[in-house]
Amino acid sequence: MIVLNVLYHLKRDARDRFLARVQAEGIDKASRAEKGNLRYDYFTPVSGGDELLLLEKWQDASALALHAGQPHFGKLKAIKDEYVISTEIERFEIPDEA
């Protein structure tokens, strides 16, 4: 399994608009519907601020690679260009249990 913690640093007061656009475009739903997707959820910090965490879980590297080629992935890039200052990604590979 591959787990991604994607931390978006957004422009001032842009977090809610960014998330609303992602949901309006159906990017979150389309990502969850992909074969090999185990989780795709956004989280906002309790303290507020201009950050947003995306937690992704994928069955394997091939599922994640297919995700990167989807049309909704391209739409997300365009939305990020408008609202996001920078992105931090932590990737964890968790071996299958025997």
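Lys35 meets the conditions (1) in contact (Cβ under 8 Å) with a residue 12 or more places away in the chain; (2) more than 16 Å from Met1 (Cβ to Cβ); (3) loosely packed, with under 12 Cβ neighbours inside 10 Å in every case but one. The failed one is (2).
What's the number of the condition Asp13 fails, among (1) at negative phi; (2) loosely packed, with under 12 Cβ neighbours inside 10 Å; (3) not hydroxyl-bearing (Ser, Thr, Tyr)? It is condition (1) that Asp13 fails.
I'm trying to understand the selection: among the residues of the stretch 44-62, which are touching a residue at least 40 places away in the same chain (Cβ under 8 Å) and of a type outside the set (Phe, Trp, Tyr)? I'd like the intermediate steps shown before the answer.
As a first pass, look at the stretch 44-62 and keep what is touching a residue at least 40 places away in the same chain (Cβ under 8 Å): 50-61.
Listed by number, the residues that qualify are Asp50, Glu51, Leu52, Leu53, Leu54, Leu55, Glu56, Lys57, Gln59, Asp60, Ala61.
Taken together, Asp81, Asp41 contain a single residue that is out of contact with any Phe, Trp or Tyr (no Cβ under 8 Å at 6 or more places or on another chain), without any contact (Cβ under 8 Å) to a residue 40 or more places away in the chain and exposed (fewer than 11 other Cβ atoms within 10 Å of the Cβ), which is Asp81. Residues that are out of contact with any strand residue (DSSP E or B) (no Cβ under 7 Å at 6 or more places or on another chain) and surrounded by fewer than 17 Cβ atoms within 10 Å (Cβ to Cβ) within the stretch 61-77 comprise Ser62, Ala65, Leu66, Ala68, Gly69, Gln70, Pro71, Phe73, Gly74, Lys75, Lys77, listed in sequence order. The set of residues in the stretch 2-32 being in contact (Cβ under 8 Å) with a residue 12 or more places away in the chain and closer than 14 Å to Trp58 by Cβ consists of Ile2, Val3, Leu4, Asn5, Val6, Ser31.
Throughout, read-outs are computed from the coordinates displayed, never taken from laboratory work. As the structure is a prediction and not an experimental result, all values here were calculated from the model. Here Cβ is always computed from backbone atoms with ideal geometry, including for glycine, and neighbour counts include all displayed protein chains.
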